[in-house]
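Everything on this sheet refers to the single structure shown next.
The values are calculated or read from the model by the stated rules, or taken from the named source; none is laboratory data. Fair warning: this is a prediction, and the values are worked out from it, not measured in the lab. Positions of Cβ are backbone-derived with ideal geometry, glycine not excepted, and every protein chain shown enters the neighbour counts. For the accessible areas, the whole protein counts, side chains as well, though only heavy atoms, and no ligand, DNA or RNA atoms are used. Shrake-Rupley method; radii C 1.70, N 1.55, O 1.52, S 1.80 Å.
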Amino acid sequence: MLYDVLKTLHLLGVVVLIGNVTVTSFWKVFADRSGDPRIIAHAQYLVTVTDWFFTLGGIVLIVGGGFGAAHVGGMPPFAAGWLAGSEALFLVSGMIWLFMLVPIQVRQARQARAFAEGGPIPDAYWRNSRRWLVWGIVATVPLISALYLMVAKP
Ligand code: HEM
């Protein structure tokens, strides 16, 4: 029973995290393409808000539910290749998020606050937008690989 609850929380975290990172990239790109500084600034604000709720919330549920289920289910967390491999991939993705994506988002949020009431959008903002998208896609690859490893358990 406890195992199933923890695994459900773990999977809820996976759904929320992967759902957020994929869907956010879509609406953010479409907001950017509007060219309207107010829409872009509001979308940038929402990137911050959804990151706090869903990226961070997803991470907490994945880690808490995952290690909790492993403990209750009697699985040593670093013994099985599929488990250790998923943890490593998850860590790689988390490092990209923390050290590449978050700093870009912080810079963009600062820039967006300056043009939130209208006004020119600096070139640096667009450069950051492109880098954010590329690094976002890069960070998703280990996440999807972890998903496969967890399901296939090779
Ligand atoms: C902190 C790292 C992680 C730990 C400790 C962990 C742990 C676990 C454990 C113990 C299970 C239950 C396995 C079973 O019932 O046979 C599980 C299942 C699962 N995990 Fe993870 N996990 C981690 C990361 C991830 C990540 C990053 C993803 C996806 C992006 C993921 C996706 C899944 C899926 C889809 C299942 C269900 C697999 C099945 O029932 O066949 N996990 N995980």
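Would the stretch 126-141 turn up any residue that is over 19 Å from Ile96 (Cβ atoms) and either under 17 Å from the mean Cα position of the chain (by Cα) or at pLDDT below 95 (or both)?
The answer is no, given that none of the residues of the stretch 126-141 is over 19 Å from Ile96 (Cβ atoms) and either under 17 Å from the mean Cα position of the chain (by Cα) or at pLDDT below 95 (or both).
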Here the residues within the stretch 76-87 that are part of a helix (DSSP H, G or I) and surrounded by fewer than 15 Cβ atoms within 10 Å (Cβ to Cβ) are Gly81, Ala84
Within the stretch 36-47, identify whether any single residue is under 11 Å from the mean Cα position of the chain (by Cα), closer than 17 Å to Phe115 by Cα and away from the ligand (no atom under 16 Å from the Cβ), and answer yes or no.
-> yes
When restricted to Leu133, Leu149, the only residue part of a helix (DSSP H, G or I) and either within 16 Å of the ligand (Cβ to nearest atom) or among the acidic types (Asp, Glu) (or both) is Leu149
Flag for Ile121 being in contact with a Phe, Trp or Tyr (Cβ under 6 Å, 6 or more places away or on another chain) and either crowded, with 17+ Cβ neighbours inside 10 Å or without any contact (Cβ under 8 Å) to a residue 40 or more places away in the chain (or both) | yes
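Can you find even one residue in the stretch 88-95 that is more than 15 Å from the chain's Cα centre (by Cα) and near the ligand (Cβ under 10 Å from one of its atoms)?
Just the residues of the stretch 88-95 that are more than 15 Å from the chain's Cα centre (by Cα), to begin with: 88.
Restricting the remaining residues to those that are near the ligand (Cβ under 10 Å from one of its atoms) gives 88.
Looking for residues that are more than 15 Å from the chain's Cα centre (by Cα) and near the ligand (Cβ under 10 Å from one of its atoms), one finds at least one in the stretch 88-95, hence yes.
Per-residue answers, yes or no, for (1) open to solvent by less than 30 Å² (accessible area, probe 1.4 Å); (2) among the aliphatic types (A, V, I, L, M); (3) modelled with pLDDT under 95:
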position: Leu12; (1), (2), (3): no, yes, no
position: Asn20; (1), (2), (3): yes, no, no
position: Val23; (1), (2), (3): no, yes, no
position: Val29; (1), (2), (3): no, yes, no
position: Ile39; (1), (2), (3): no, yes, no
position: Ala43; (1), (2), (3): yes, yes, no
For the stretch 54-78, which residues satisfy the criterion of being out of contact with any helix residue (DSSP H, G or I) (no Cβ under 8 Å at 6 or more places or on another chain) and more than 11 Å from the ligand (Cβ to nearest atom)?
-> Leu56
Among (1) farther than 30 Å from Ala116 by Cβ; (2) assigned to a helix (DSSP H, G or I); (3) open to solvent by less than 50 Å² (accessible area, probe 1.4 Å), the one test that His71 misses = (3)
Answer with yes or no whether Val16 is within 16 Å of the ligand (Cβ to nearest atom), in a helix (DSSP H, G or I) and surrounded by fewer than 18 Cβ atoms within 10 Å (Cβ to Cβ).
-> no
